[in-house]
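Data block below; observations after.
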Amino acid sequence: MSEVRVRVTGLAKSFFDEGRGEVLAVRGIHFDCQEGEIFGLLGANGAGKTTTLRMLSTILEPSAGHAVLMGHDVREAPELVRRSLGFYSASTALYPRLTARETIEFFARINRYPRDQVANRVETLIERFGITEFADARVDKLSSGMKQKVSLARTMAHDPPILIFDEPTVGLDVLNALELQKMIQELRAEGKTIIFSTHIMSEAERLCDRIAIIHRGEILTCDTLDGLRESTGCHYLEDIFVRYVRAGEDGEPMVAADDQADATEDRSMKDQ
Amino acid sequence: MFFGSVLGTLFRFELKMLLRDKRTIIVSIVLPILVMPLLLFSSSMTERSREERQEAKVFRYAVVGAEAALARQVIASYVPEAAAEDDAEDSDAVELKLEEVESTDPQAELEAQTLHFFVEALAPGVWLAEQAEEAKDEAPVAVTERPDKEEIPLPLLRLVYRANWDDSETASSEMRYRLRSARSDLRELALEESGFPVAAGDVAVIEPNDLATASQRTGATVGRFATLFVLLFLLTGGSVVAADAIAGEKERGTLETVLTTAASRRDIVGAKLLLILAVGIGITVIQILNLLLYVGLDLIPVPDSFAVDLSAGTVFMLLLLFLPLAAIAGSVLLLVSGYAKTYKEFQLYFFPVFILLLAPALASMLPAVELRSAIVLVPIANLSVAVRSILVGQFDLLFLAIAWLVSMAAAVFAGRATLRSLSTERLITASELDRADLEGGAALFPRHAWRWFLGMWVIMLLVATNLESMQGLRPQIFFNLIGLFLGGSLLMIWRYELPIREVLALRPVKPVVWLAVILGAPACHLAMITVAKISAMLFPVPERMLEGFSNLLMPAELPFWEVLLLVSVLPGICEEIAFRGVLLHALRQRFRPLALCLIVGVVFGMFHISLIRLLPTAVLGVVMAALTLVTGSIFPAMVWHALNNATAIASGYAGLPLTELEPWAYAAAWLVFGLVSFLLWRHRSVYPGLRRPAP
């Protein structure tokens, strides 16, 4: 069995809202991701996907529970966690006044990539992502497709074992989105662990090895696509998703029972 | 080594990006450097051309009145050379050309601006009569009869001019100067003729003898403004970079990118702070050099007595003191940037912050403020006074060190708050759906409460300072308590449809609380007096500040029961409704309990306008807020507040000054206050819906 790189147990986040008081954005979720796996978080807007991924990337501190990436807890060693991950989302922009090459160099350096290898790494990435032609142009002069490539390159700058993609295709046109999906598959082939959040069913169907359906801060189920099909009897992910969400809202026990079992299993594994 | 570290890398790239931003460079560095010479040049140009115009110009005046002929003689007796010798300082002043013209109606001509001024020469008798007439209207003081001086043939000259017309003002003051000079000549002459034994100029000679060196004198002048100017440069220079530093990054979405890298938040904030400091200090140095350059080029006039003689040690100490100043300016700017979500928001916050930071730097302009006072605990203000004390050459190393540490601590505090702002969800990410705005009503109130209280404060300030009729106790109490506090509170409750019982915490309390309140109020009152006394020992405060703790306004003409009603019962009800009712409720989820009490207390203190009453009332406000939180009800605070004020009133009527009791009385008061606090805590029933401590 391949190595478990991300382990999330009982992770919860509540924050304070002036009008509403305490808001529970994520309510104690459990999952883990392995080497060479694309793990999908599928959920509607406001389901808690981004909050979960922000906790994994240590932007937010969890209110309860644990998230351990490459053996480092997000709360105890946030900097070590961030060193071993690359975070990409539609909202993580690039510095407009740096060139593509400088951008990659900057991110390699502040992610503490070995100093003497930075120059090599930058050239490798420039070549790999097809940036060579515009490597010395300032980012604000690039087209959105070019920017996307630079963004990916900077996410990879320090060659992290874990990559987090938070709704990466939002705002991209079809071709760019496909290109990105292809790239993500290549990264999996290299053995990266990829956590991928989306609300687009086809994307999840095509890419993810395992899918967790998240709704109102809770993971309703977590399985491979085939496994989901089997347990619901539906073929399309859309139907499967709706089925779980409805069941979750009605409070039916069938789904929750499975989840509970997983959770206890996770905990006992951790205890050992 | 530094540039290889993460902090160094961040700083290096930030600097690189800054230098590529032409707009910022031009606005924040090039323009200020150009503006100063332009300003100086244009002002010296206008000054010169004004002088030239005045030299060329002929000012017209008329001499009228019964004694016009005599007046002309006096005017003619003015000798320009002699006057110039008398007054060496004004020797380079321009000699204006004054020309007398005939005028039948000088008043009308002055209005029509064809005449610059006129001299009305009155016979002494006429003038005396006028004076007596005026005096009769003004005050019933008897006018002393003057001996008959009619044999002295001197007229009384009245200069008539218009101060709202520059030329009139200039010409008439020139004439005034000439007349004074002529008068003193005439006086000396008259004395000499009447056989005065010595020269009039030698009578009662006063010779000032200043022991301060020229450098110290200059220091006293420069020291008043030095800190203000340096801070001004630091803030204006640093602000452009600061706006971009966090707020700009949020707007562009790059902050989230950098927050997910291995760079620690400390490094990120540190690099940004370094950048702001580098630019702020850089611009300050450039501006000061710029200034010195123009002083050197004589574009800025410097008095002859100006002498700067700073030793290397003094310069070092000044630089050392400006270090925390730069740190505060930088970290506060960065903090503002951290709290603003966009550029625009930063600009919105910048102006009030700018004023708030500059205001304490004015402390060095207050003549009597010494560093060895409470001012040493006020960041920025302490530096400005410290800088002046160094420039004047009289300083106390211990207090300099305290000032330095206090200001540095303030800078560190602001820096840490910035660090925290990078961990606050609300601040990092662009605001998503805002529920409060959609729901409106009660949900919106916590955010609007500040505005309401600010509005109330402004109204109160305006009324208190402007309306004479409000100066009396009765109208003032009715306006403030009933109109503003009670009316304002009810208006807020009505406007936001707030649940009145919850907002005002109208809940019953356990009987034991009443016992605690009755014992606690007078005990607390006495206990607070000791706090004031101790702080007065450490930091000398005016005597009146102490009295502020116990003496309330007590007009003797009102009967005791009415004073009790106005100063004890009504404040107990109305002020508690506004502050421990509405304000406390509005802020209860914004701050944790301790901060909540402090803030409610300070706001309450601010509403007492005068500086002397701020501290005692703020302390009372904190105690009242804590009482409300612990008992979960407003009623104990109402009674405590009323009893507190009643204690002061009663002591006033009984002629027993509470500030001068025996030490054992204060000790007993502390003991009772401590017991009461314990009792209240034991039987607490906490105010519902408070903000819980962070996980």
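Couple of notes before you dig in:
- Apart from one condition, B:R187 fits all of (1) in a helix (DSSP H, G or I); (2) surrounded by 15 or more Cβ atoms within 10 Å (Cβ to Cβ); the exception is (2).
- Elements of type helices (runs of 4 or more DSSP H) contained in the range A:72-162, each with 1 or more residues being under 14 Å from B:A262 (Cα atoms) and at the interface with chain B (Cβ under 8 Å from one of its Cβ atoms): A:78-83, A:100-110, A:144-155
- Which numbered condition A:L172 misses (of (1) assigned to a loop (DSSP other than H, G, I, E, B); (2) more than 30 Å from A:A247 (Cβ to Cβ); (3) among the aliphatic types (A, V, I, L, M); (4) within 14 Å of chain B (Cβ to nearest Cβ)): (4)
- Residue match in the range B:4-25 (condition: within 14 Å of chain A (Cβ to nearest Cβ), at pLDDT below 85 and surrounded by 14 or more Cβ atoms within 10 Å (Cβ to Cβ)): yes
- In the range B:40-62, the residues that are of a type in the set (D, E, K, R) reach residues that are part of a loop (DSSP other than H, G, I, E, B) with C-beta atoms within less than 6 angstrom, at least six apart or across chains, in these pairs: B:E51/B:V94; B:E55/B:V94; B:R60/B:V101; B:R60/B:L115; B:R60/B:H116.
- Neighbours by Cβ (under 7 Å, 6+ apart or cross-chain): first from the range B:1-20, without any contact (Cβ under 8 Å) to a residue 12 or more places away in the chain; second exposed (fewer than 15 other Cβ atoms within 10 Å of the Cβ) and part of a helix (DSSP H, G or I): B:G4/A:R115
- Under the condition of being within 22 Å of the chain's Cα centre (by Cα) and basic (K, R), the residues counted in the range A:129-163 number 3.
- Qualifying residue in the range B:191-208 (condition: closer than 25 Å to B:M317 by Cβ, in a helix (DSSP H, G or I) and away from chain A (no Cβ under 14 Å)): no
- Candidate set from the range B:653-695 (those that are exposed (fewer than 14 other Cβ atoms within 10 Å of the Cβ) and closer than 30 Å to A:G65 by Cβ); member that is nearest to the other protein chains (Cβ to nearest Cβ): B:P695
- Each residue in the range A:56-71 was checked for being within 11 Å of chain B (Cβ to nearest Cβ), aliphatic (A, V, I, L, M) and either touching a residue at least 60 places away in the same chain (Cβ under 8 Å) or over 21 Å from A:A12 (Cα atoms) (or both), and 1 of them qualify.
- Some residue of the range B:368-381 being hydroxyl-bearing (S, T, Y) and buried (at least 18 other Cβ atoms within 10 Å of the Cβ): no
- Matching residues, the range A:55-92, being under 24 Å from A:Y113 (Cβ atoms), of a type in the set (D, E, K, R) and touching a helix residue (DSSP H, G or I) at 6+ places or on another chain (Cβ under 8 Å): A:D73
This table checks each residue for (1) of a type in the set (V, I, T); (2) free of Cβ contacts under 8 Å to residues at least 24 places away in the same chain.
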| position | (1), (2) |
| --- | --- |
| B:A654 | no, yes |
| B:L679 | no, no |
| B:V686 | yes, no |
| B:L690 | no, no |
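- Helices (runs of 4 or more DSSP H) enclosed by the range B:232-311 - at least 3 residues per element that are surrounded by 24 or more Cβ atoms within 10 Å (Cβ to Cβ) and away from chain A (no Cβ under 14 Å): B:265-296
The values are calculated or read from the model by the stated rules, or taken from the named source; none is laboratory data. Everything numeric in this text was worked out from a predicted model, so none of it was measured. All Cβ positions, glycine included, derive from the backbone under ideal geometry; neighbour counts span all protein chains shown.
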